[in-house]
1. First compute the accessible area of the range 5-105 with a 1.4 Å probe, then give the percent of it belonging to carbon and sulfur atoms.
2. Identify the GluC sites (Glu not before Pro) of the range 1-101 meeting these criteria: DSSP loop state and at most 11 other C-beta atoms within 10 Å of the C-beta.
3. Roughly how many Å² is the accessible area per residue of the range 1-84, as a whole number, for a 1.4 Å probe?
4. What's the local net charge at A35, with K and R +1, D and E -1, over the other residues with C-beta under 14 Å away?
5. Could you order L53, L101 by accessible surface area, starting with the largest, using a probe radius of 1.4 Å?
6. Can you give me the P(r) profile for the chain? Cα pairs, bins 5 angstrom wide beginning at 0, each as a whole percent.
7. Among the Cys residues of the chain, which have no other cysteine Cβ under 4.7 angstrom away?
8. For helix 58-74, what angle does its Cα long axis make with the longest principal axis of the chain, in degrees from 0 to 90 and rounded to 10?
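The values are calculated or read from the model by the stated rules, or taken from the named source; none is laboratory data. Remember, it's a predicted structure, so these values are computed and weren't measured experimentally. Neighbour counts run over all protein chains shown; Cβ positions are idealised from the backbone, glycine included. Quick note on the areas: whole protein, heavy atoms, side chains included, nothing else; ligands and nucleic acids left out. Shrake-Rupley method; radii C 1.70, N 1.55, O 1.52, S 1.80 Å.
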Amino acid sequence: MEECIFCKIAKGEIPCKKVYEDDKVLSFEDINPKAPVHVLVIPKKHIESLNDLSEEDSYIMGHMMLVIKEIAKKVNIHDSGYRVAINCGKDGGQEVPHLHLHILGGKSLNWPPG
Ligand code: AMP
Ligand code: ZN
């Protein structure tokens, strides 16, 4: 997946404002934030979307869920609250074909998103 921008970020070939990293996932600030705090979390493994998950990805997805609260602490939205979103496909608004979750906060967010 040489063309994938998030794979390149995971490999350090494209810079990012890193928030958190371990052997399985990377979190960094969104380049075009949609809220005062907007960070992304990606698996280092290239998985295109939710539609492409397989049973063997269960551990990495569970791990992604577990690191959210640590990332939220780092960016100071753990106590004030935040939203986590995963966009999938065209109608879901997915622009980058490498699975990622958005963590948004820093203000009271609108619901439903529309
Ligand atoms: P989605 O629409 O769910 O695919 O979200 C893709 C997100 O990636 C958008 O919010 C973009 O602003 C963000 N994005 C795209 N390129 C970069 C980049 N190089 N560094 C950080 N965020 C990026
Ligand atoms: Zn990728």
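1. Working: 2950 of 5680 Å².
Of the solvent-accessible surface of the range 5-105, carbon and sulfur hold 52 percent.
2. On the way: sites: E2, E3, E13, E21, E29, E48, E55, E56, E70, E95; in loops: E2, E3, E13, E48, E95.
When the GluC sites (Glu not before Pro) of the range 1-101 are filtered for loop state and at most 11 Cβ neighbours within 10 Å, E2, E3, E13, E95 remain.
3. Details: 5160 Å² over 84 residues.
About 61 Å² of surface per residue is accessible.
4. Working: positive: K34, R83, K107; negative: E29, D30.
With Lys, Arg at +1 and Asp, Glu at -1, the neighbours total +1.
5. Details: L53 60, L101 0 Å².
Output order, biggest surface exposure first: L53, L101.
6. 2, 11, 23, 25, 22, 13, 4, 0
7. Result for the chain is C16, C88, no neighbouring Cys Cβ within the cutoff.
8. Roughly 40 degrees between the two axes.
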